[in-house]
Amino acid sequence: MKDPVTEASSAETERFEALANVALERARSAGASHADVRVVSTETRELAVRKSQVSRCSRDESLGVAVRVLVEGAWGFAAAPLSGDAELLGRLADRAVGEARAGARHRAAKAVLAPLPAQRGRFVSPREEDPFAMGLEEQFDLLFEVDRELVRAKDLATTSTQMSFARERQWQFTSEGHLVEQDLLRSGAGFALTLARDGIVQTRSYPASFGGQYLQGGFEVVRGMRLRDHVARVQEEASELLRAAPCPGGRFDMVVGGSQLALQIHESVGHPNEFDRVLGFEADLAGQSFVTPEKRNRFVYGAPIVDLVADSTLAGGIGTFGWDDDAVPGQRFHVVEQGVHRNWFTNREFATRLGDGASNGTNRAEGWRYPPQIRIPNLSLMWGSSTRDELIAGIDDGFLLDGVKTWSIDELRLNFQFTSEIAWRIRAGRVAEVVRNPTYQGVTPEFWSSCDGIAGREEWAAWGVPNCGKGQPMQVAEMSHGCAPARFRGVTFLQA
Amino acid sequence: MFTRDEARAIVDRVLAASPARATELILRGRELRHLRLAESAPSEQNVVSDPSLQVRVEHEGRYGRASTSLLDDAAIERVLDAAYRAAKLSPPLDLPPLAAGAAHDDSNSDGGVDEAAARSLLARDSATKLEALAPALRAVAEAGAAATGFWDTTVESCTYATSAGCFRHTWLARDWFSSTVLAGDGGAGVAHDGQLDASMLVASRADAVVRQALDLALRSKKARAIEAREQRVLLAPQAVGELLLFLSWSGFGARNWLEERSFLRRRRDEVVLDPSISILDDAAAFGGLGFDFEGQDRRRVTLIDEGLARLPVFDRPTAKEARASTGLDVETSGHAGLQPSADGPLPRHLRFVVADAKQTPARELEACLGDGLIITQFHYTNLIDPTAVTVTGMTRNGTFLVEGGRVVAPVRNLRFTVDILDVLSTIEAASIETQVVEAFFGGAAMSVPSLVLPRFRFTSTQS
């Protein structure tokens with residue numbers, strides 16, 4: 001992804017740099033050992049149709065500036081919309097320094113930043129068709145075309161058909177002289193059909209539940225989903241779910257892929273490897289982690305065929321960027337290699353705590369209103385050498401799962417319980433009848449250790465998670481999780 | 001933040017600039033002071049100004065919406081233009097007309113909190129808060145434990161106005177502190193205090209939060225593993241709030257009710273919970289907005305009345321739909337979100353009320369429990385089935401085994417999978433004292449007691 005990176009030189013950049021220099025100089029002269037300024041512009045468009053009616057048609061914009069300083073080893077942060085107020089940047093710097101100084105008096109352990117070579121440049125995520133430049137008619141036409149078919153379903157409770165687009169431009173300046181500019185665009189779409197009869201409610205969706213699929217790119221991402229081509233299948237599967245027997249309990253083998261396996265990666269590998277969480281910094285809300293510091297290079301996280309790779313340069317990933325909000329370049333590294341734990345996600349402060357020489361670049365903030373924190377980057381289960389059909393053929397009695405219905409995991413990220421949208425019974429290596437509410441439960445390392453087959457690159461895809469919550473107050477971040485269908489042995493299913 | 005006069009001036013500017021026949025706007029001005037703790041020390045101190053302007057315009061029965069964080073003339077023109085263009089290109093939608101005015105132009109009915117009290121919360125800086133917390137944080141360190149926490153002081157002005165003459169304005173404020181203490185050997189405890197009515201969380205109460213969390217953390221060290229099975233439980237308010245939240249999300253909104261996905265549907269006036277339980281939505285009791293985002297008065301609604309199912313909350317579109325599809329004579333209850341709303345109206349200020357006959361002082365609830373488990377908090381609860389309100393989640397931050405009415409040991413965290421309607425079909429006792437708690441993902445405030453329940457199904461252990 002080197003091609004989109006070019007030298008920063010626009011007039012806009014020069015204007016923001018002049019503003020940022022006011023804050024950086026003010027912070028430096030007030031005693032800050034580090035200061036950074038982020039100017040962030042966001043633009044979103046969200047369209048949705050529900051049962052033949054528009055349920056959302058909105059366009060939101062935001063332009064703000066955040067000043068973060070480190071004074072005597074303590075952080076201070078101040079942010080506001082970027083108005084025409086000439087004094088704004090100086091005032092924000094003063095407030096940030098004041099906050100940091102208040103904290104420093106009560107903080108024995110001082111934050112120390114890992115070194116970072118000079119960073120200057122511009123990153124523009126690839127795109128072909130600008131969704132903001134398109135008229136709404138074409139986008140609504142597609143949604144209504146899908147919805148018109150969906151509402152014909154028998155036992156209809158509701159429909160949801162939507163698309164959304166988000167563009168974020170950011171200019172980042174630091175007291176160390178880093179100057180980086182980014183322009184990120186992601187697009188997403190999907191639909192869901194909910195049927196209800198006799199007290200049973202079932203939903204089936206495409207391409208993924210809870211809003212659909214998201215990728216970095218323009219409207220070509222939505223076109224590529226071919227939403228209309230999947231309506232009939234979704235209707236049929238939703239109808240089958242309504243008639244299906246509840247999933248039985250017991251220990252079964254399963255094949256799972258798509259957005260369900262992506263969520264498994266997110267919850268049981270992503271969050272527990274945020275190093276701030278490992279040290280207890282998120283204990284008041286999100287919880288802690290079982291992946292404690294002594295586990296590096298020793299702990300068996302999964303079977304030897306399990307490789308889990310963080311990659312902020314992944315093509316199409318919605319967590320793909322040029323630099324994180326510490327100005328650290330996006331990187332690719334193993335979290336789990338051949339089943340063994342290797343790395344956590346760090347930023348410049350926590351890389352120092354960990355004893356690593358450099359951050360692996362996962363510090364990100366939601367827009368300008370919040371300070372950055374360690375976030376899950378794009379994180380993927382790497383492909384194997386099998387095929388989905390071969391994996392299924394290797395199961396005597398089990399299930400094939402697809403789609404996310406609900407999820408829960410404990411605060412150490414060990415005990416989890418997930419329910420998929422749909423499952424098919426596998427009997428003697430062949431896919432058989434649908435069952436509803438397939439619910440499986442497990443403990444993270446045992447689960448990943450039970451993986452004995454992964455489909456190949458041809459069946460591998462990156463699934464976007466646009467709404468990952470973390471922090472106090474909660475911030476939302478985006479990332480993708482790549483995976484191909486994988487087989488797990490002896491999984492505990494609960495009677496639905 | 002915007003005073004009533006400042007807000008009115010901005011409203012006038014926006015309405016004057018609007019190209020549309022009908023325009024609605026929501027103007028919010030938020031000031032946030034956030035203090036985060038980790039390792040018994042401050043880890044973040046944040047000061048944020050966050051104004052926003054949402055506009056919705058109507059053009060020949062078509063609607064468009066847009067928002068901005070900027071309020072200069074150029075931004076206002078841009079946001080109006082974006083909304084208007086969206087409206088012109090959007091398919092038509094059958095929505096009620098924008099709220100008209102004079103009847104609602106009464107600041108006494110706008111709810112919220114006192115402006116001066118709200119502003120006074122912002123006068124206290126992080127240095128003062130940290131001084132207030134210092135003795136308790138030292139006590140945590142001396143005990144070999146580590147405190148994390150979050151002190152959220154947020155003050156907000158909120159204005160709703162329309163080109164039809166509706167103008168409503170009020171203030172919201174919160175001063176809320178939570179702390180989780182980690183004591184090693186698996187020991188963890190949590191506590192919180194705060195209000196949403198602009199009353200200031202004084203130093204002694206913040207200190208008490210940390211010390212209460214420390215006490216729980218120390219008592220929950222070296223927890224023993226127990227078998228996952230059905231147990232009698234004493235649920236602390238935070239845990240009760242989690243169950244109430246899922247009842248609300250799945251059952252108390254008109255959208256799910258209309259679409260047959262609410263447990264209230266087709267069960268009006270039937271017994272659905274223990275007859276000692278009543279559940280109300282009552283924004284005024286929490287210092288909440290007195291109006292909704294259709295400009296309507298937010299009314300107090302009884303959702304469960306002594307165990308009997310009543311109607312959900314409505315906005316104007318869902319009330320109209322209900323009248324047409326069910327023949328019921330229902331009106332909006334003033335619970336509209338931004339329109340059009342995909343999720344429909346939801347209650348956000350819930351009171352869980354238990355009849356006097358089942359109330360007991362909190363200190364006597366362990367004796368009421370006899371044998372069972374005390375649950376401090378649930379973690380990552382999520383919905384499996386909306387009609388039975390089946391949920392799963394984990395226990396967290398202090399789970400204790402009680403035998404003969406006395407705590408005998410901390411126990412390791414457990415996973416539960418329960419039908420909320422089933423577990424709340426019988427309650428044995430409730431605390432007289434109630435506590436205000438908030439949802440894990442935000443979005444609702446709830447006043448709840450502790451509860452003793454005769455059965456609660458645990459399905460697995462943490463590891």
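The values are calculated or read from the model by the stated rules, or taken from the named source; none is laboratory data. Here the structure is a predicted model, which is why all the values come from computation and not from measurement. Cβ atoms come from the backbone with ideal geometry, glycine included; neighbour counts cover every protein chain shown. Ligands, DNA and RNA are stripped out before the accessible areas are found, and what is left, the full protein with its side chains, is counted by its heavy atoms. Shrake-Rupley method; radii C 1.70, N 1.55, O 1.52, S 1.80 Å.
Counting only C-alpha contacts under 8 Å and six or more residues apart, can you give the relative contact order of the stretch A:30-151 as a whole percent?
With pairs under 8 Å counted, the relative contact order is 23 percent.
In square nanometres, what is one fourth of the surface area of the convex hull spanned by the alpha carbons of chain B?
22.6
List the residues of the stretch B:123-149 whose accessible area drops by at least 20 Å² when all protein chains are present, compared with their chain alone, using a 1.4 Å probe and counting only protein heavy atoms.
With the partner chains in place, the stretch B:123-149 has these residues losing at least 20 Å²: B:S126, B:A127, B:L130, B:E131, B:T148.
How large, in percent, is the carbon and sulfur part of the accessible surface of the protein assembly as shown at a probe radius of 1.4 Å?
Reported share for carbon and sulfur atoms: 48 percent.
Need one number: the % of Cα-Cα pairs in the stretch B:269-420 sitting beyond the 22 Å mark.
Of all Cα-Cα pairs in the stretch B:269-420, 59 percent lie more than 22 Å apart.
Any number yet on Rg/Rh for chain A, C-alpha, Kirkwood?
Ratio of gyration radius to Kirkwood radius: 0.99.
Using Cα positions and a limit of under 24 Å, work out the lysines in reach of B:K222, with same-chain residues fewer than 8 apart set aside.
Counting by Cα, and skipping residues close in sequence, B:K222 has these lysines nearby: A:K295.
What longest range of chain B stays clear of loop-exposed GluC sites (Glu not before Pro) (DSSP non-H/G/I/E/B, at most 12 other C-beta within 10 angstrom)?
In short, B:271-463.
What is the Rg over Rh value, at two decimals, for the stretch A:311-352, using alpha-carbon atoms and the Kirkwood definition of Rh?
Radius of gyration relative to Kirkwood radius: 1.00.
Taking 20 Å² as the minimum loss, tell me which residues in the stretch B:413-450 lose that much accessible area going from the chain by itself to the full protein complex (1.4 Å probe).
B:R415, B:F440, B:F441
Roughly how large is the B-A contact in terms of buried accessible area, totalled over both chains, probe 1.4 Å, nearest 100 Å²?
Separately minus together, B and A give about 6400 Å² buried.
List the residues of the stretch A:417-437 whose accessible area drops by at least 50 Å² when all protein chains are present, compared with their chain alone, using a 1.4 Å probe and counting only protein heavy atoms.
Buried on complex formation: A:Q417.
At q = 0.21 Å⁻¹, what log₁₀ I(q)/I(0) does the stretch A:408-493 have when each alpha carbon counts as one equal point scatterer in the Debye sum?
Those come out to -1.37, one per q.
Could you compute the net charge surrounding B:E270? Neighbours are other residues with a C-beta less than 14 Å from the C-beta of B:E270; K and R count +1, D and E count -1.
In short, +1.
Consider all pairwise Cα distances in the stretch B:1-141 and report the whole-number % of them above 25 Å.
Here the long-distance tail beyond 25 Å is 48 percent of all Cα pairs in the stretch B:1-141.
Quick one: compute the contact order of chain B, relative version, from alpha carbon pairs under 8 angstrom and 6+ residues apart, as a percent.
Reported relative contact order: 14 percent.
When only C-alpha pairs under 8 Å and at least 6 residues apart count, what is the relative contact order of chain A, in percent?
15
Roughly how many Å² is the accessible area per residue of chain A, as a whole number, for a 1.4 Å probe?
About 34 Å² of surface per residue is accessible.
Which shape class applies to the protein assembly as shown: rounded if a/c is under 1.5, otherwise prolate when a/b exceeds b/c and oblate if not, where a ≥ b ≥ c are the square roots of the Cα gyration tensor eigenvalues?
rounded
What's the whole-number percent of alpha carbon pairs in the stretch A:45-128 lying beyond 18 angstrom?
The answer is 68 percent, as a whole percent.
Kindly state, as a whole number, the per residue volume in cubic angstrom of the convex hull around the alpha carbon atoms of the stretch A:98-211.
Roughly 233 Å³ of hull volume per residue.
P(r) of the stretch A:352-496 in 10 Å steps, Cα pairs, percent per bin?
Going from the shortest bin to the longest, the percentages are 10, 30, 35, 17, 7, 1.
Roll a 1.4 Å probe over the protein chains and send me the accessible area per residue for chain B in Å².
35
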